[in-house]
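The values are calculated or read from the model by the stated rules, or taken from the named source; none is laboratory data. All values derive from a computational prediction rather than experimental measurement. With ideal geometry, Cβ positions are generated from the backbone for all residues, glycine too; neighbour counts draw on all protein chains shown. All accessible areas refer to the heavy atoms of the entire protein, side chains included, with ligands and DNA or RNA removed. Shrake-Rupley method; radii C 1.70, N 1.55, O 1.52, S 1.80 Å.
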Amino acid sequence: MADSAVLVEEGKKNLWSGGVSPFKASYGKVMMWFFLLSDAFTFSALLITYGMIRFTHPSYEGAVSDFKFSQEYWPIPEKVFEAFPGMHSLGIESAPLVFVGLMTFILIASSVTMVLAVEAGERMDKKGVEKWMLWTIIGGLTFLGCQAWEWTHFIHGSDISMNAVGNFITGAGLSSNQYGPPNFAALFFFITGFHGFHVLSGVFINFIIFYQATVGILERRGHYEMVEKVGLYWHFVDLVWVFVFTFFYLV
Amino acid sequence: MDNPQVEVQPLNREKVRHFIKVMIYLAIITALEFLIAFTVPHDYKWVRIVIFVVMTIVKAYYIVAEFMHLGHEKRSLKMSIVLPMLFVVFLVFILIFQGSAIYDALY
């Protein structure tokens, strides 16, 4: 701490030769924020594209209980995402949105373990950082496993429906799907896939920092700011999921 | 393995309690979203959309301000992250109108 105070003093003497952080945050943290801003634009573009394409298709007009999949209108999401692993063996016919709800809670929980890792890092608590980083990695891997299951189920499909030219289709691909217009599945793959890829890279980066904390690199460096930086990235991934969840599964 | 020179500070209980509180808020809002998804009928399309968007923004606020700590950063940093997001709001309006116009042209 004494070192940084000296740095600020020196910087004040000569403002133009560096030594002062304009935002009272380190270079790495500010750059992480700007990276996340650019990434937020990317995800916004994807989600707004979803909104636009959704608005170019007709909605389903009848009663929700009579809903059937058709290529003529956009599907109701709770009718598409209604599966849960092993639900048929328990005698449950449909569990709308329960699985994505579980995924949401897993990601929120892993966000909390990440803040606890950052908090431990601020106290120079190596053991705490190791423990909470490991829980965060486990949370991320669990989420990825859930997504893998959901994609598998989405691609294989559950029942058969007819497309516009009278062919039967099961499951979903990039050119056609049983749930609705082709764009529905295409957007599902692009948006949740891009998010899942972020989760995957987040898990890798978390693992690198976990490794560095465990072998003592961060302790020798004298601070655990790297934990804070990957924490920002990890929370961002959680934040994006909050939006994907709303616009893809609820609206 | 432990370096004896490094002094481990005691756990900041107040901070941890604060994070748990934020997590509970997020969980409650998500649960409410579920409740609304299954109680408000689909006929009230725009009511549902507005409620969901507002709740999502509340959740996003808690994640960004508390978990990502942006609420406690300098004002200049806050503004340089939040203000550019106005472009996103702009794009929402452009493309939603565009989508409706395409729909009107098609059907």
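Any chance the stretch A:83-97 includes a residue that's part of a helix (DSSP H, G or I) and open to solvent by 20 Å² or more (accessible area, probe 1.4 Å)?
Filtering the stretch A:83-97 down to residues part of a helix (DSSP H, G or I) leaves none.
Looking for residues that are part of a helix (DSSP H, G or I) and open to solvent by 20 Å² or more (accessible area, probe 1.4 Å), one finds none in the stretch A:83-97, hence no.
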Being touching an Asp or Glu at 6+ places or on another chain (Cβ under 7 Å) and in contact (Cβ under 8 Å) with a residue 24 or more places away in the chain narrows it down to one of B:6, B:22, B:58, so name that one. B:22
With the checklist (1) open to solvent by less than 80 Å² (accessible area, probe 1.4 Å); (2) within 30 Å of residue A:24 (Cα to Cα); (3) outside the structural domain of residue B:35 (by TED's automatic domain parsing) in hand, flag the one item residue B:103 doesn't pass. (2)
Can you run down the residue pairs with Cβ atoms below 8 Å, 6 or more apart or on separate chains, where the first is in the stretch A:227-240 and part of a helix (DSSP H, G or I) and the partner is of a type in the set (S, T, N, Q)? A:230/A:206; A:234/A:110; A:234/A:111; A:234/A:136; A:234/A:206; A:235/A:111; A:238/A:110; A:238/A:111
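Yes or no: the stretch B:21-31 includes at least one residue that is facing chain A (nearest Cβ under 9 Å), open to solvent by 70 Å² or more (accessible area, probe 1.4 Å) and modelled with pLDDT of 90 or more. Steps first, please.
Let us first name the residues in the stretch B:21-31 that are facing chain A (nearest Cβ under 9 Å), namely B:22-23, B:26-27, B:30-31.
Narrowing further to those that are open to solvent by 70 Å² or more (accessible area, probe 1.4 Å): none.
No; the residues of the stretch B:21-31 include none that is facing chain A (nearest Cβ under 9 Å), open to solvent by 70 Å² or more (accessible area, probe 1.4 Å) and modelled with pLDDT of 90 or more.
If the requirement is being at negative phi, touching a helix residue (DSSP H, G or I) at 6+ places or on another chain (Cβ under 9 Å) and not assigned by TED's automatic domain parsing to the domain that holds residue B:19, which of these qualifies: B:51, B:63, B:81, B:29? Full working, then the answer.
On the way: B:51 fails: not assigned by TED's automatic domain parsing to the domain that holds residue B:19; B:63 fails: not assigned by TED's automatic domain parsing to the domain that holds residue B:19; B:29 fails: not assigned by TED's automatic domain parsing to the domain that holds residue B:19.
None of the others qualify; the one that does is B:81.
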Scanning for something farther than 22 Å from residue A:105 by Cβ and either more than 10 Å from every other protein chain (Cβ to nearest Cβ) or of a type outside the set (D, E, K, R) (or both), does the stretch A:227-243 turn up at least one residue? yes
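Filter the stretch B:63-107 for residues that are of a type in the set (Asp, Glu) and more than 7 Å from chain A (Cβ to nearest Cβ); which is nearest to the chain's Cα centre (by Cα)?
B:66
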For the stretch A:33-43, name all the residues that are closer than 14 Å to residue B:73 by Cβ and open to solvent by 40 Å² or more (accessible area, probe 1.4 Å). A:34
Please verify whether residue B:36 is farther than 30 Å from residue A:67 by Cβ and either at the interface with chain A (Cβ under 7 Å from one of its Cβ atoms) or over 16 Å from the mean Cα position of the chain (by Cα) (or both), treating the condition exactly as stated. no
